Amino acid sequence: MVCVGSDEAWISGDDTSITRVDIHGSMKENVAIPIEWPNFTLKRQGELLFSNNKQIGSTVDIVKQRGIETYITLPQGWDPHRLCCTRSGDVLVHVRKNKYNKFLRYRGQQISQKIDKDLNGKPIISEGIFILSITENNNGDICVSDRNAETVIVVDRAGRVRFRYDGKQTEIKGYFIPIGIVTDSRSQIIVSDIGNDCLHIIDQNGKYLKCVAHCGLEFAWGLSLDSKGRLWVALGLQKVIKVIKYFK
């Protein structure tokens with residue numbers, strides 16, 4: 001899910017389309033694409049990008065008025081999943097081969113950065129089959145919701161790990177299972193936790209601030225902020241979207 005302005009958002013689900021809806025639930029636009037459960041993002045110019053996992057030659061495709069075109073061709077054997085467009089116009093792509101995960105930064109159609117190992121050669125991103133979510137903070141940090149490791153990982157522009165957050169700072173006793181992740185105008189990091197049906201809010205340095213719970217956020221999957229600072233929360237099991245104010 002990606003918000004557009006103050007009262008609309010692009011959403012996707014278990015079919016072969018990406019749909020623009022308003023805050024009242026009315027459909028404004030529908031784009032048919034060749035895959036189910038599409039992972040997508042929105043370019044600064046408003047164009048849709050989506051991951052296209054093909055049997056041969058996986059790509060990130062772009063929706064144009066004249067049709068769907070290849071935007072990025074992935075390295076052979078790697079499948080694209082979650083996407084994020086940065087403020088500079090770069091595209092961050094979560095790619096996976098078998099159980100191996102990493103993130104690639106594309107400047108145009110060329111890889112400009114790989115986020116997979118630290119300076120000592122140790123993996124930054126864990127192995128596993130679950131798809132990872134990614135977003136960029138205002139200071140240029142890359143924030144990753146790693147469900148496989150049950151951890152949020154934040155790296156700086158150079159790819160160095162700044163901190164990891166595992167949810168143990170709260171009083172919640174269930175397993176921390178981070179899914180959606182987004183950052184706001186205050187550079188706060190908001191993470192949906194489907195293990196506890198809540199949202200964790202931490203600052204840009206990893207300090208726990210608060211937890212938003214007990215407000216019907218069961219299986220909160222996708223997160224996005226609109227231009228008014230309201231948080232749109234996609235609830236995967238209920239197939240509904242809630243719009244909430246998470247701060248006073």
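List of remarks:
- Alpha carbon convex hull of segment 3-93, projected area averaged over orientations, nm²: 6.2 nm²
- Greater than 27 Å apart at Cα, pairs in K28/K97; K114/K242; K28/K228; K117/K239; K102/K245: K28/K97; K114/K242; K117/K239; K102/K245
- Magnitude of the charge dipole, segment 152-248, Cβ model with Lys/Arg +1 and Asp/Glu -1, debye to 20: 280 debye
- Pair Y175, D90: separation of 7 Å Cα→Cβ label points (nm): 3.3 nm
- Given +1 at the Cβ of Lys and Arg, -1 at the Cβ of Asp and Glu and no other charges, the dipole of segment 98-162 around its Cα centre is 240 debye to the nearest 20.
- Projected-area mean, segment 79-220, by convex hull of Cα positions, square nanometres: 8.5 nm²
- Projecting the Cα atoms of A234, T170, N30 onto the charge dipole of the chain, computed from C-beta unit charges around the Cα centre, puts T170 farthest toward the positive end.
- The chain: most fluctuating residue of W37, W78, W232 per GNM, C-alpha cutoff 10 Å: W37
- In a reduced charge model with +1 at each Lys and Arg Cβ and -1 at each Asp and Glu Cβ, the chain shows a dipole moment near 620 debye about its Cα centre.
- Residues of type aspartates and glutamates that K210 reaches as a straight line, Cα spacing below 19 Å, ignoring anything fewer than 8 places off in the same chain: E150, D166, E171, D184, D193, D197, E218
- Listed values [x] 29, 23, 17; [y] 32, 19, 18; [z] 25, 24, 16 include one computed from this model; for semi-axes √(5λ) of the Cα gyration tensor in Å that value carries the label [z].
- Value of Rg/Rh across segment 192-248 [Cα atoms, Kirkwood radius]: 0.96
- Spatial separation of Cα centroids for segment 33-66 and segment 202-248, in angstrom: 25 Å
- Just the protein heavy atoms count here, and of the accessible area of the chain at 1.4 Å, carbon and sulfur take up 47 percent.
- FRET efficiency, E218 to Q110 (Cβ-Cβ, R0 35 Å, nearest 0.05): 0.25
- Rolling a 1.4 Å probe over the protein heavy atoms gives segment 1-97 an accessible area of 50 Å² per residue.
- Legend: calculated FRET efficiency, V243 to N120, from the Cβ-Cβ distance at R0 = 51 Å, rounded to 0.05, equals 0.75.
- Where labels lie 7 Å past Cα in the beta-carbon direction, separation of R44 and M27 in nm: 3.2 nm
- Distance between modelled label sites at K99 and E127, nm, 7 Å Cα→Cβ extension: 0.5 nm
The values are calculated or read from the model by the stated rules, or taken from the named source; none is laboratory data. Because the structure is a prediction, the values reported are computed rather than measured. Virtual Cβ from ideal backbone geometry, glycine too; neighbours counted across all protein chains shown. SASA here: full protein model, heavy atoms, side chains in, ligands and nucleic acids out. Shrake-Rupley method; radii C 1.70, N 1.55, O 1.52, S 1.80 Å.
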